[in-house]
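Structure first, commentary second.
The values are calculated or read from the model by the stated rules, or taken from the named source; none is laboratory data. Bear in mind that the values here come from a model prediction, so they are computed numbers and not experimental data. Because the Cβ atoms are built from the backbone with ideal geometry, glycine has one as well, and the counts that use them run over all protein chains shown. What goes into the accessible areas is simple: the full protein's heavy atoms, side chains included, and nothing from ligands, DNA or RNA. Shrake-Rupley method; radii C 1.70, N 1.55, O 1.52, S 1.80 Å.
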2 protein chains.
Amino acid sequence: MTTAHDLTKNQSLVFSALSDARAPLSAYTILDRLREDGFRAPLQVYRALEKLLEIGLVHRLESINAFVACAHPQCHNHGTMAFAICEDCGNVREFTDDQIAERLADWARTENFRPHKTIIELRGQCQACSIGEP
Amino acid sequence: MTTAHDLTKNQSLVFSALSDARAPLSAYTILDRLREDGFRAPLQVYRALEKLLEIGLVHRLESINAFVACAHPQCHNHGTMAFAICEDCGNVREFTDDQIAERLADWARTENFRPHKTIIELRGQCQACSIGEP
DNA sequence: TCGCATATGTAATGTTATCACGAAATTTTA
DNA sequence: TAAAATTTCGTGATAACATTACATATGCGA
């Protein structure tokens, strides 16, 4: 018997690196941060990420080739998530919107498109970074 | 006096390559297809793409690092576009949904986030490719 | 024609991601 | 528990995507 998801050592290390970060990390940045933990090659990171993405503990931000720990790791929601990415400070806000998800699902149904994954990303400037820039 | 946008030679070549393709092309695929037109280096493609994206004649599909000619080049809509990308045949459907755009704008307003660009991409299987796979 | 902005050519380099192969660890099954 | 199957891991090489730096050319207004 185990908990919902037993992470291996590498998976735990990668997840911790992402949880500790205040902004998304690229795979190679993760690699650099885990060198002293014995990481030597990109594949060690990518393999761990693959699993973490599958579990839902981590999200990939497609528009910046980077990864973040899920903001709601308890209820690892495999539904449609949206991300607001600040291009100044790198901060990311994760949110959901059922109406948007439904509307996309409606479109897909009507067009007989079977979505496997939905990507919604807002690139812009967060509140903190827009202060003083009217 | 000129038309709305005079494209340079390189820009025209890149745009033609994308218009002729039945699926999105990567920058390096474009490069390969334009070798006999004198293209030698990635930057020639990337520079042309940069301009075409700015004008709105081309879209970048963030989740697959590829580019498509805009489906509505007349009214080059700089608003929020959505793309449904078939992972089997590569075909892409471009569409808009005002309600989704509004809802995202509402979220941004509420959170004081200033979006510069919005990415919506559905990855999945198109109707044609799902026939015979119940 | 001069000066400036834009466009181009090219090499080198930086960044992101995967392949191929074998070894080690873990789980399953008998 | 031992053998078999599965999953994970280590490592080097390579592929795929994108930018920097610098030199040259081209068009256009003063």
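Put simply, the Cα atoms of chain A extend 49, 48, 24 Å along their principal axes, the longest span coming first. Cross-link partners of A:K51 among lysines, defined as those whose alpha carbon lies under 25 angstrom from its own and excluding same-chain residues fewer than eight positions apart: A:K9, A:K117. Basic side chains Lys and Arg get +1 at the Cβ, acidic Asp and Glu get -1 at the Cβ, and with that the dipole of the protein assembly as shown about its Cα centre reaches some 600 debye. Across the identical copies, the 7 Å label point of B:D37, projected outward along Cα→Cβ, sits 4.8 nm from its counterparts, in ascending order. Take the accessible area of chain B alone and of chain A alone, subtract that of the pair, and you get about 3400 Å² summed over both chains, using a 1.4 Å probe.
A:I120 contributes about 10 Å² of solvent-accessible surface, heavy atoms of the protein only, 1.4 Å probe. Remark: label point of B:E54 defined 7 Å out from Cα along the Cα-Cβ vector; separations to the same position in other copies 4.4 nm, ascending.
Using the Cα centre of chain B as the reference point, and only Cβ charges (+1 on K/R, -1 on D/E), how large is the resulting charge dipole? Debye, rounded to the nearest 20.
In total the dipole reaches around 420 debye.
Of the listed residues B:R60, A:R114, the order by accessible area with a 1.4 Å probe, largest first, is A:R114, B:R60. Mean silhouette area of the protein assembly as shown, derived from the convex hull of its C-alpha atoms and averaged over all directions, reads 19.1 nm². The value of relative contact order for chain B, using C-alpha pairs under 8 Å at least six residues apart, is 21 percent. Taken residue by residue and averaged, Cβ atoms of other chains lying within 10 Å of the Cβ of B:109-115 number 6.
Within a 10 angstrom radius of each residue's Cβ in B:92-101, how many Cβ atoms of other chains show up on average? Whole number is fine. Walk me through the numbers before you get to the answer.
On the way: counts 0, 3, 0, 3, 0, 5, 1, 4, 9, 1.
For this peptide, the per-residue mean of nearby foreign Cβ atoms is 3.
Projecting 7 Å from Cα along the Cα-to-Cβ direction, the label point of B:E87 sits 2.9 nm from its equivalents in the other copies, listed shortest first. Could you tell me what percent of the accessible area of the stretch A:9-130 is made up of carbon and sulfur, with a 1.4 Å probe and every protein chain present? For the stretch A:9-130, the apolar C and S fraction of the accessible surface comes to 44 percent. Comparing A:G79, A:G38, A:G124 in a Gaussian network model of chain A where C-alpha atoms under 10 Å apart are linked, the largest mean-square fluctuation is found at A:G38. Which of the listed residues, A:V45, A:Q125, A:S26, is farthest toward the dipole's positive end in the stretch A:9-130, when Lys, Arg count +1 and Asp, Glu count -1 at the beta-carbon? Of the candidates, A:V45 comes out farthest on the positive side.
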